[in-house]
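The values are calculated or read from the model by the stated rules, or taken from the named source; none is laboratory data. Since the structure is predicted, the reported quantities are computational estimates derived from the model, not experimental observations. As a convention, Cβ positions derive from the backbone with ideal geometry for all residues, glycine included, and neighbour counts pool all protein chains shown.
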């Protein structure tokens, strides 16, 4: 344990750890977002509508809504990152491979692959979060989480800007899917490098009887933690399911090409990639996590309403979404180690991810269903339906109302978070050094 503590104090080593563990999420996000720009190709060749296409993202989250992520987090706390994290990373690679095998041949097999991929990805994210929380506790916690998010968003940006181009240049959208397999394989190898190098910290992470987790302790977590959990549900449900459908939405409403739609969607990720580490650095120095989450939640509402109800240039809304997507994650994820004891972190992150994935399972499908219903109603009740909407199979106004409503509920939860923090003095508004110094072992 002493040797492990000495290694943790080496600044260069914790940054090396950050790079290695972040790469598994880079690959995961690349694979997750690579399907959006080739939406039209998949629907046309495999004969699926908007709601069935949305299942590719809903099935990603489907296994995670059955309490499996809480179990995954518990295993992280119980057996350590090397064993549990390595297994989760393998599931990501396996799911990606199965999805690629099914591409163009069996939509059912693609969905099975996405389920395995989804559980592995979300469980591996728990491992990544716990590693970062341990190595950067009381140090550059916000910056480290911000940089991890930057690496993840880079995967999304690369996918959104290359997937359609790969399909166009090779003449097959399946090549885009197989490119994801190659990216995921490289990410998996890099994660294995971390696991093979990191034996001492894992040994230190697995405690004795005094580290046993009791259900009573989990249920008695700080109320601010539960407010963050609900905010995570509404916030990410208003962003990720939108990006799943955004490329085609832009094609329909603003007559963009598939490549241009993917590029526009990537701007949300680009803003997050650039500004989240900056916000994380400021959070470390100044605090104000609750206020930052409030502002970020507020921006979601007008962003979606402008897209749904006006024909203003879409870049206005995408700027708002990008800013929001920089503010909330930069404050949210480093807030959890302040509110939760270290021995519970895997389980706590598992609870958050479980609730988040309920939204990620339901809303991509629901968004596509709203589009299909809107089109059917419009086509049945109005003669001379707009040809572009008719040809593309949807009207996206109701979908945008849904996302704006989610943003409104997120705003309510952010206000609750500020109230709970003020009442319980949890330290969310303090700089990282002071916040973790005051709450290192308290709920």
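For this structure, a couple of remarks:
- Residue match in segment 303-319 (condition: in contact (Cβ under 8 Å) with a residue 12 or more places away in the chain, assigned to a helix (DSSP H, G or I), crowded, with 22+ Cβ neighbours inside 10 Å and within 16 Å of the chain's Cα centre (by Cα)): no
- Qualifying residue in segment 390-404 (condition: at pLDDT below 80, within 30 Å of residue 67 (Cβ to Cβ) and touching a helix residue (DSSP H, G or I) at 6+ places or on another chain (Cβ under 8 Å)): no
- Residues in segment 84-109 that are touching a residue at least 40 places away in the same chain (Cβ under 8 Å), part of a helix (DSSP H, G or I) and surrounded by fewer than 24 Cβ atoms within 10 Å (Cβ to Cβ): 86, 90, 93, 97, 100, 107.
- Check on residue 168, more than 20 Å from the chain's Cα centre (by Cα) and not in a helix (DSSP H, G or I): no
- When residue 236 is tested against (1) in a helix (DSSP H, G or I); (2) modelled with pLDDT under 80; (3) buried (at least 18 other Cβ atoms within 10 Å of the Cβ), just one condition goes unmet, and that condition is (2).
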